[in-house]
Structures are given as C-alpha cells and as structure tokens.
Amino acid sequence: MENKVLNYGVGTKVIMKKPHPCGTNLWEITRTGADIKIKCINCGRTVLIPRIEFNKKLKKIVEEEENK
C-alpha cells in the first residue's frame, strides 16, 4: 500500500473521480478535519465525506488558495 501525502486545505479546488449529477466534477473544499466538506462549483451543493473516503475518490488537486 502506497502512502502519499496529499496537501489540501480550505479553498483548494479538486477534481473527483465521479462527476456530480449536475455534470461537473470540480469541487471546492470548504471544511477539513476528520470529515471533508466539499462544495460543487457548478450548482453549489455541499457534501460531507469522511477523510479516508475522500482520499480514495480524489482524482487531482487543481489549485490551492494562496494565503493572504
């Protein structure tokens, strides 16, 4: 089993493996912790996923929000 470090936080945009029913697979992370809360960029729906399940379903990290 491969342990890779994933760097993401609040404001990071990610692409998930399966698309949302509205047609997009681009999401923004709105909360982190034991669970990850993501918001669909297209329709605004939010989903709460356990971190382990999120890491399995994550395809790609698109961009991270720059700290101001």
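Observations, loosely collected:
- Index of the failed condition, Leu48 passing every other in (1) assigned to a loop (DSSP other than H, G, I, E, B); (2) at pLDDT 95 or above: (1)
- Of all residues in the stretch 7-20, those satisfying the criterion of being within 18 Å of Leu48 (Cβ to Cβ) and among the aliphatic types (A, V, I, L, M) are Val10, Val14, Met16.
- Remark: pairs (first residue in the stretch 1-24, charged (D, E, K, R) and surrounded by 14 or more Cβ atoms within 10 Å (Cβ to Cβ); second residue modelled with pLDDT under 90 and not in a loop (DSSP other than H, G, I, E, B); Cβ separation under 9 Å; 6+ apart in sequence or on different chains) = Lys13/Val62; Lys13/Glu63.
- Cross-chain or 6+ apart pairs with Cβ under 9 Å, the stretch 51-68 first and surrounded by 11 or more Cβ atoms within 10 Å (Cβ to Cβ), then at pLDDT 90 or above and polar (S, T, N, Q): Arg51/Thr32; Lys59/Asn25; Ile61/Thr12; Val62/Thr12; Glu64/Thr12; Glu65/Thr12
The values are calculated or read from the model by the stated rules, or taken from the named source; none is laboratory data. These figures come from a predicted structure and were not determined experimentally. FYI the Cβ positions are ideal-geometry reconstructions off the backbone, even for glycines, and counts take in every protein chain you see.
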